[in-house]
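Below is one structure, written out as structure tokens, with a few remarks after it.
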Amino acid sequence: MTTHGTKDILTTLAGTGPAEIATRPVIMGMNGMVTSGHYLASRIGLHVLEEGGNAVDAGVAMGFALAVLEPHLYGIGGEVPILIYLADQRRVVSLSGQGPAPQKANIEWFKKMGINAIPGDGLLAATVPDAVSTWITALSHFGTMRLSQVLEYTIELAEHGFPMYALLQGAIKNNAERFQTEWPTSMQVYMPDGQIPKVGDRFVQTDLANTLKRLVEAEYRKIRSGRYEAIRAARDFFYKGEIAEQIVKFAQENEFLDASGSRHCSLLSKEDLLNYSTRIEEPVTTNYRGYDVYKCGPWSQGPVFLQQINLLEGYNLATLRHNSPEYIHILVEVAKLAFADRERYYGDPDFIQVPLNILLSKEYAAERRKLIDPNHASMELRPGNAPSSKPEAKKRNPKVYIGDTTHLDSIDRWGNMFAATPSGGWFSTSPVIKGLGFPLGSRMQVFYLDPTHPNVLQPGKRPRTTLSPSLILKDGKPLMAFGTPGGDQQDQWSLQFFLNCIDFNMDMQEAVDVPTFHSSHFPSSFYMHGTQPCVIVIESRIPESTRSTLTKKGHKVQVTGPWSNGRVVAIRLDEKTGVISGVSSPRMETGYAMGW
């Protein structure tokens with residue numbers, strides 16, 4: 001990450017204009033572009049494109065690589081919603097990259113155990129691990145390469161190691177006590193010889209390398225049956241074979257202390273893994289000022305992005321001035337309305353009827369827009385067509401690690417476009433599975449145990465994930481792919497990036513560099529679903545005078561570090577020139593775009 005001193009030097013050298021705040025150049029090329037949360041993953045993705053692979057091949061290669069490179073943010077025991085633009089079919093597809101609750105998981109079980117909110121750590125919150133299934137589904141249906149080809153360099157990273165970097169080291173340090181006292185299998189992986197690795201040390205993950213090798217071996221045994229069948233054999237080995245047996249054995253035979261204050265094993269069974277498959281679905285979409293925006297369905301929070309831009313279409317945002325008090329106020333009030341609808345309506349559409357035809361209509365947005373007072377912050381949580389309610393603030397358990405996420409995008413020479421937001425299965429909330437080298441996820445914490453809530457826990461139901469990749473088309477042609485980590489904030493930070501590009505005509509690097517803000521007004525998706533009514537969290541680079549004006553409007557302003565919020569990575573295709581551009585936020589240091 002650029003230090004403040006270096007930043008000042010860059011600003012002085014750059015003079016005035018957009019370059020004044022650009023921390024990096026916009027990377028441009030003609031043949032392909034990738035961007036991701038770690039530069040080594042981006043290099044792997046670029047290599048795949050150079051070898052003739054398409055955007056899906058590159059995306060899957062980066063996805064597996066990030067599980068090795070960023071285990072504090074995501075692992076293969078987690079999940080990964082994906083959006084793909086298929087150039088030959090001229091359509092967008094969504095991959096439902098979210099594993100469901102185990103069949104044994106129900107409200108009655110938790111109530112009987114005296115648990116009122118599903119804890120966010122340990123084994124109890126584990127859903128069916130999704131990531132391997134979804135990466136392989138994307139590759140087998142829409143890629144061109146074999147699994148062995150896209151995994152080659154990731155296996156090398158895990159087996160022979162990569163240089164330890166500061167953020168990963170810091171995450172290990174923050175969790176060292178728990179590794180030492182509660183999770184010996186994690187201790188063996190992340191603190192070899194009982195020591196926290198130093199920055200620059202070679203960091204090796206032998207068990208994870210062997211797990212990935214076993215997938216490749218399963219593929220090879222079926223190679224004569226054809227590419228598709230061979231790739232699917234690797235998937236079956238994970239979900240129906242020896243790996244599934246190891247996952248279930250560890251999950252059922254070990255009890256770990258969690259935020260409930262008791263020790264629990266997982267509710268996962270072999271049948272849960274055996275019956276799981278990733279679904280290829282239609283995305284949801286709306287049009288904003290001539291741009292078609294695509295998101296995953298209401299099993300994710302993705303539609304809140306669409307609801308927000310429908311509301312914002314009624315404003316001339318450019319006249320409000322970028323990051324002015326008036327602009328920030330409008331975006332925050334819009335977010336409050338959209339996220340209130342998320343809480344009232346969103347959930348797995350296999351289990352509830354989500355009225356997206358109403359929620360995403362322009363008429364509905366016009367009516368909702370009337371609720372926004374340009375001078376006063378709303379104190380209420382106001383879902384549409386439902387009584388207003390004042391949320392009760394709850395304290396969040398400081399011992400529970402909410403975690404984070406990563407993101408990746410790719411575009412190839414044929415115009416295929418890929419956006420994925422991998423998360424879960426990180427090492428801070430769940431112990432490493434013995435012999436496999438990765439933890440399970442804890443996404444079941446997102447469920448409610450209130451039977452009247454649309455996101456209530458039910459066996460086999462997908463928890464409403466916060467993960468939210470974005471794709472943009474213009475006149476039916478691919479334009480942009482982008483996303484960010486950040487839980488509930490993803491569709492606020494990525495929205496600001498989108499508006500920076502579309503309404504303020506910023507180049508993409510400027511659009512990811514400028515300071516951000518977000519609302520915490522609505523219930524958190526994570527344990528214990530706490531709220532912070534009227535709170536806006538603002539990066540300190542936004543002037544104090546702006547923050548003061550927002551306070552006068554009734555907002556509770558919290559100031560965070562100058563480069564703390566968001567980690568947007570993005571790519572863009574200029575259809576007229578054929579130039580492909582890629583960027584990455586400097587936040588969290590390691591994200592990079594690469595192309596040629």
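The values are calculated or read from the model by the stated rules, or taken from the named source; none is laboratory data. Treat the numbers as computed from the prediction; the structure is a model and nothing was measured. Here Cβ is always computed from backbone atoms with ideal geometry, including for glycine, and neighbour counts include all displayed protein chains. Remember, those area values only see protein heavy atoms, side chains included, never the ligands or the DNA or RNA. Shrake-Rupley method; radii C 1.70, N 1.55, O 1.52, S 1.80 Å.
Worth a mention:
- Selected residue (only one of Leu69, Leu40 is aliphatic (A, V, I, L, M), open to solvent by 40 Å² or more (accessible area, probe 1.4 Å) and within 25 Å of Asp201 (Cα to Cα)): Leu40
- Test for Gln252: is it open to solvent by 10 Å² or more (accessible area, probe 1.4 Å), touching a residue at least 40 places away in the same chain (Cβ under 8 Å), closer than 26 Å to Thr127 by Cβ and in a helix (DSSP H, G or I): no
- Members of the stretch 412-444 found to be out of contact with any strand residue (DSSP E or B) (no Cβ under 8 Å at 6 or more places or on another chain) and either among the hydroxyl-bearing types (Ser, Thr, Tyr) or open to solvent by less than 10 Å² (accessible area, probe 1.4 Å) (or both), listed by number: Asp412, Ser428, Leu436, Gly437, Leu440, Met444
- Once the stretch 215-235 is narrowed to residues that are surrounded by 16 or more Cβ atoms within 10 Å (Cβ to Cβ) and free of Cβ contacts under 8 Å to residues at least 40 places away in the same chain, the residue that is farthest from the chain's Cα centre (by Cα) is Lys222.
- Any hit, the stretch 116-132, residues being open to solvent by 10 Å² or more (accessible area, probe 1.4 Å), over 30 Å from Tyr220 (Cβ atoms) and either more than 22 Å from the chain's Cα centre (by Cα) or of a type in the set (A, V, I, L, M, F, W, C) (or both): yes
- Any hit, the stretch 3-23, residues being in contact with a helix residue (DSSP H, G or I) (Cβ under 9 Å, 6 or more places away or on another chain), at pLDDT 95 or above, assigned to a loop (DSSP other than H, G, I, E, B) and not β-branched (Val, Ile, Thr): no
- The sole residue among Glu271, Glu282, Glu245 that is farther than 30 Å from Ala117 by Cβ, more than 27 Å from the chain's Cα centre (by Cα) and of a type in the set (Asp, Glu) is Glu245.
- Pairing residues of the stretch 187-200 that are open to solvent by 40 Å² or more (accessible area, probe 1.4 Å) with residues that are part of a helix (DSSP H, G or I), at Cβ distances under 7 Å and at least 6 apart in sequence or on separate chains, gives Met187/Phe179; Met187/Gln180; Ile196/Gln169; Ile196/Ile172; Ile196/Lys173; Ile196/Ala176; Val199/Ala166; Val199/Gln169.
- Residue among Asp292, Asp272, Asp258 that alone is under 23 Å from Gly122 (Cβ atoms) and in contact with a strand residue (DSSP E or B) (Cβ under 7 Å, 6 or more places away or on another chain): Asp258
- Selection count, the stretch 352-373, where residues are open to solvent by 80 Å² or more (accessible area, probe 1.4 Å) and over 17 Å from Gln308 (Cβ atoms): 2
- Scan of the stretch 255-290 for residues that are part of a strand (DSSP E or B), open to solvent by less than 30 Å² (accessible area, probe 1.4 Å) and out of contact with any Gly (no Cβ under 8 Å at 6 or more places or on another chain), ordered by number: Thr286, Tyr288
- Some residue of the stretch 496-519 being among the hydroxyl-bearing types (Ser, Thr, Tyr), more than 13 Å from the chain's Cα centre (by Cα) and closer than 23 Å to Ile328 by Cβ: yes
- Cβ pairs under 7 Å, 6+ apart, first in the stretch 147-168 and free of Cβ contacts under 8 Å to residues at least 60 places away in the same chain, second in a helix (DSSP H, G or I) and of a type in the set (Val, Ile, Thr): Glu159/Thr206
- Look at (1) closer than 16 Å to Leu312 by Cα; (2) part of a loop (DSSP other than H, G, I, E, B) and you find that Ala366 fails only one, number (2).
- Counting only helices (runs of 4 or more DSSP H) that sit completely within the stretch 477-596, those holding 2 or more residues that are open to solvent by less than 10 Å² (accessible area, probe 1.4 Å) and within 19 Å of Leu306 (Cα to Cα) correspond to 490-502.
- For the stretch 63-88, filtering for residues that are over 14 Å from the mean Cα position of the chain (by Cα) and aliphatic (A, V, I, L, M) leaves 6.
- Total residues in the stretch 302-329 satisfying the condition of being touching a Pro at 6+ places or on another chain (Cβ under 8 Å), open to solvent by 10 Å² or more (accessible area, probe 1.4 Å) and under 23 Å from Gly483 (Cα atoms): the figure is 1.
- Gly437 at pLDDT 95 or above and at positive phi: yes
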